[in-house]
1. Using a Förster radius of 35 Å, what is the FRET efficiency between residue 90 and residue 180 based on their Cβ-Cβ separation? Nearest 0.05, please.
2. Using mean Cβ contacts within 10 Å as the protection proxy, how do 98-108, 114-124, 54-64, 34-44 order, highest first?
3. Using a 1.4 angstrom probe on heavy atoms only, work out the carbon and sulfur share of the accessible area of the stretch 17-136 in %.
4. What's the center-to-center distance, using Cα atoms, between the stretch 118-183 and the stretch 1-63 in Å?
5. State whether the stretch 17-136 is rounded, prolate or oblate according to the following rule on the C-alpha gyration tensor (a ≥ b ≥ c being the square roots of its eigenvalues): a/c under 1.5 gives rounded; otherwise a/b larger than b/c gives prolate, and the remaining case gives oblate.
6. How long is the gain from residue 33 to residue 13 if the chain were fully straight, where each residue apart is worth 0.36 nm and the alpha carbon distance is subtracted?
7. First measure r as the distance between the Cβ atoms of residue 166 and residue 137, then evaluate 1/(1 + (r/R0)^6) with R0 = 25 Å and state the FRET efficiency to the nearest 0.05.
8. Give the calculated FRET efficiency between residue 98 and residue 63 to the nearest 0.05, with a Förster radius of 22 Å applied to their Cβ-Cβ distance.
Amino acid sequence: MSDPDRTDPRPLTGEPLALDLLNTRWVRGTGTQDLLDGTDGLAVWLDANGLGGRFPADTATLRHTLRARDALLAAVEGDASGQGAEAVDAVLAHGRIRATLTADGPGERPEFDDASWGPAWLAARDYLRLLNAAPDRIRACAHEACTLHFFDTSRNGTRRWCSMASCGNRAKASRHYARTKDA
Ligand SMILES: [Zn+2]
């Protein structure tokens, strides 16, 4: 049973879809939390990204969305083997863009052989958009214990933390601690 009142528990939301998918995993205390540990969490994630009405939060969609998350993480972490790119490309093989002309003018519509690949495909497609826009702005939080990712939209491109309030201050505090310990 999905719980319609379940709220999004994640510390960072609102990043572009590809990175928001990576941000379904985060570190709390010493453990990793995972929003996508079941279809209830998938429903929360789909709703958070405006996909709730379009795709069912079922086990097939969950499995494919997790496949996309693994692929995107490998691509973002960018190992030299190119396996990340291959894995993202494999997700993209499950959909295509259909050019359309509507009463509102020209458009593009994604099409899927199997709707359960829809959210996975859209996240992979969003990653291509970020790569086209500004690949150097796709960042992991600079805090070593943090697994969150963001797209840096600051004017100077100097954002380092998922959040100044949490990771930024934690880093400042540990630098302060190191200084006072040495003194
Ligand atoms: Zn962080």
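The values are calculated or read from the model by the stated rules, or taken from the named source; none is laboratory data. These numbers come from a predicted model, not from an experiment. Note that each Cβ is placed from the backbone with ideal geometry, even for glycine, and that neighbours are counted across all protein chains shown. For the accessible areas, the whole protein counts, side chains as well, though only heavy atoms, and no ligand, DNA or RNA atoms are used. Shrake-Rupley method; radii C 1.70, N 1.55, O 1.52, S 1.80 Å.
1. Values: r = 51 Å, r/R0 = 1.44.
E(calc), rounded to 0.05, equals 0.10.
2. Details: 98-108: 8.1, 114-124: 22.3, 54-64: 16.9, 34-44: 18.5.
Per-residue mean Cβ counts within 10 Å order the peptides as 114-124, 34-44, 54-64, 98-108.
3. Working: 2950 of 6170 Å².
Accessible surface attributable to carbon and sulfur in the stretch 17-136 totals 48 percent.
4. The stretch 118-183 and the stretch 1-63 have Cα centres spaced 19 Å from each other.
5. Values: a/c = 1.84, a/b = 1.26, b/c = 1.46.
In terms of gyration-tensor shape, oblate.
6. Between residue 33 and residue 13, full extension yields an extra 5.8 nm.
7. Numbers: r = 21 Å, r/R0 = 0.82.
For residue 166 and residue 137, the calculated efficiency is 0.75.
8. Working: r = 25 Å, r/R0 = 1.14.
Approximately 0.30, to the nearest 0.05.
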